[in-house]
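One structure is given below, encoded as structure tokens.
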Ligand SMILES: Cc1ncc(COP(=O)(O)O)c(C=O)c1O
């Protein structure tokens, strides 16, 4: 698709149908104005096509899972083969045992693993497991960190300290106040504040959960180490939410990349290769509490679901991990992401716009601000209206991207896509500058 008018006839009809029965005509938080809403039909490699045949370079990657790009031949073949043998069995199967062995071997904290279907379930169960193991009730998370949609996760994520009215407003209506009150929130990258809260609440604190790379914000040197030391000192479990970073920042995820080992880690997105698959992985003595033979002992922690260990998702995950083990994959992934980030910042500088593209290699986020972004508060000070307008300009230029949110880069985004992307970014930034009435 070019900056010229896109074709929208079929899209408009389908959006009209969706609007009548799907509130907001969207699937979750990702909502575009109705006249810009896209109905996607198919994907191949780094590209997507909507139902009217408009093509996009994809930087959403299904919100992260499609790290190999769309319809990767190895994943498609594995899924077709398994689907013909049966889709789900509700019992052990060879693919899930293979996947377990591979994840446990790859992940520094990996001693044992159990499965669910979504990242939300994984963090929910990891927190419950931590409460079961420690016998304590409170958890601590970081302001702006996203751990999914359950009641313990949707506190201090979208809102900011500035919105606080004596207590943390949950990010969703319908969350019971007593549940929200069991969640402490600390600013990301402030080791002293985290240490203080952990020490002060040690007697009631079961776990600290953190996105090691929080959205696009990298941990400051020593921050993850500080929360590792404080949690260990005070008998609190440390959970890395690696739903995004797992097998993406490195084969061993953020714990390998940043060199800090948590007690538990949660996985999703990449380990299912585009199919519903998520996991809690970590210390054997903690995961041991999920053994149903403990039922009735008072220490059993329920973990599981209808589709847990689904073999179709497992073979998709196995095919994905096999590709990620190929020599040079991470080097290329990081090189592509870094070229894009640097290119975007350079274009911003050349055009006199305060553009920051923050992140690590294949995950980054674009902000319009002069200030360094070290935490959620800094990111909320950036110009959100400009970021939104930028995102819409990119969509109009054939980049599929969630305005204001992260860019994900796949292993199949190559030089032609990078060149087209930077051309689109330049066009978008020029359009914003023109609209703001400035010239250079
Ligand atoms: C870091 C992190 N944790 C948890 C989740 C929740 O995963 P899901 O959407 O599969 O429930 C997400 C989703 O984006 C995430 O980014």
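Taken together, 133, 124 contain a single residue that is closer than 30 Å to residue 250 by Cβ and within 16 Å of the ligand (Cβ to nearest atom), which is 124.
In region 270-291, of all residues being over 17 Å from residue 63 (Cα atoms) and assigned to a loop (DSSP other than H, G, I, E, B), the one that is farthest from the ligand (Cβ to nearest atom) corresponds to 291.
Table: residues versus (1) more than 23 Å from the chain's Cα centre (by Cα); (2) more than 26 Å from residue 250 (Cβ to Cβ); (3) not assigned by TED's automatic domain parsing to the domain that holds residue 216.
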residue	(1), (2), (3)
33	yes, yes, yes
42	no, yes, yes
51	yes, yes, yes
81	yes, yes, no
94	yes, yes, no
99	no, no, no
107	no, no, no
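Residue pairs whose Cβ atoms lie under 6 Å apart, separated by 6 or more positions or on different chains, with the first residue in region 190-216 and farther than 18 Å from residue 246 by Cβ and the second at pLDDT below 95 and outside any helix (DSSP H, G or I), are 193/186; 193/187; 194/186; 197/184; 197/186.
As for region 108-118, it holds at least one residue that is within 14 Å of the ligand (Cβ to nearest atom) and not in a loop (DSSP other than H, G, I, E, B). Here region 60-74 is the region considered, the condition is being closer than 24 Å to residue 257 by Cβ and more than 16 Å from the ligand (Cβ to nearest atom), and the residue that is surrounded by the fewest Cβ atoms within 10 Å (Cβ to Cβ) is 69. Of the residues that make up region 410-417, is at least one closer than 17 Å to residue 32 by Cβ, assigned by TED's automatic domain parsing to the domain that holds residue 352 and assigned to a helix (DSSP H, G or I)? Scanning region 410-417 turns up no residue that is closer than 17 Å to residue 32 by Cβ, assigned by TED's automatic domain parsing to the domain that holds residue 352 and assigned to a helix (DSSP H, G or I).
When 185, 210 are checked against the criterion of being at pLDDT below 95 and crowded, with 19+ Cβ neighbours inside 10 Å, 185 stands alone in meeting it. Counting only residues that are in a loop (DSSP other than H, G, I, E, B) and either touching a helix residue (DSSP H, G or I) at 6+ places or on another chain (Cβ under 6 Å) or under 16 Å from residue 61 (Cα atoms) (or both), region 4-28 holds 2 of them. The number of residues in region 251-269 being within 19 Å of residue 329 (Cβ to Cβ), more than 11 Å from the ligand (Cβ to nearest atom) and out of contact with any helix residue (DSSP H, G or I) (no Cβ under 6 Å at 6 or more places or on another chain) comes to 4.
This table checks each residue for (1) in contact (Cβ under 8 Å) with a residue 24 or more places away in the chain; (2) surrounded by fewer than 22 Cβ atoms within 10 Å (Cβ to Cβ).
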| position | (1), (2) |
| --- | --- |
| 349 | no, yes |
| 376 | yes, no |
| 379 | yes, no |
| 386 | yes, yes |
| 414 | yes, yes |
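For residue 157, the stated conditions do not hold, so it cannot be described as away from the ligand (no atom under 16 Å from the Cβ) and farther than 30 Å from residue 93 by Cβ. For region 84-98, state whether one or more residues are modelled with pLDDT of 95 or more, on the phi > 0 side of the Ramachandran plot, more than 16 Å from the ligand (Cβ to nearest atom) and not in a helix (DSSP H, G or I). Within region 84-98, one or more residues are modelled with pLDDT of 95 or more, on the phi > 0 side of the Ramachandran plot, more than 16 Å from the ligand (Cβ to nearest atom) and not in a helix (DSSP H, G or I). Sub-8 Å Cβ pairs linking a first residue in region 22-48 that is without any contact (Cβ under 8 Å) to a residue 12 or more places away in the chain to a second residue that is within 16 Å of the ligand (Cβ to nearest atom), at least 6 apart or interchain, are 24/31, ordered by first then second residue. Going by the conditions given, is residue 401 surrounded by fewer than 19 Cβ atoms within 10 Å (Cβ to Cβ), in contact (Cβ under 8 Å) with a residue 40 or more places away in the chain and under 23 Å from residue 244 (Cα atoms)? Spelling it out, it is not the case that residue 401 is surrounded by fewer than 19 Cβ atoms within 10 Å (Cβ to Cβ), in contact (Cβ under 8 Å) with a residue 40 or more places away in the chain and under 23 Å from residue 244 (Cα atoms).
Going through (1) more than 21 Å from the chain's Cα centre (by Cα); (2) crowded, with 22+ Cβ neighbours inside 10 Å one by one, residue 284 falls short only on (2). Determine, yes or no, whether residue 55 is surrounded by fewer than 12 Cβ atoms within 10 Å (Cβ to Cβ), more than 16 Å from the ligand (Cβ to nearest atom) and at negative phi. Taking the combined requirement at face value, the residue does not satisfy it.
The values are calculated or read from the model by the stated rules, or taken from the named source; none is laboratory data. Everything numeric here is computed off the predicted structure, so don't read it as measured data. Counting neighbours? That spans all protein chains shown, and the Cβs are built from the backbone with ideal geometry, glycine included.
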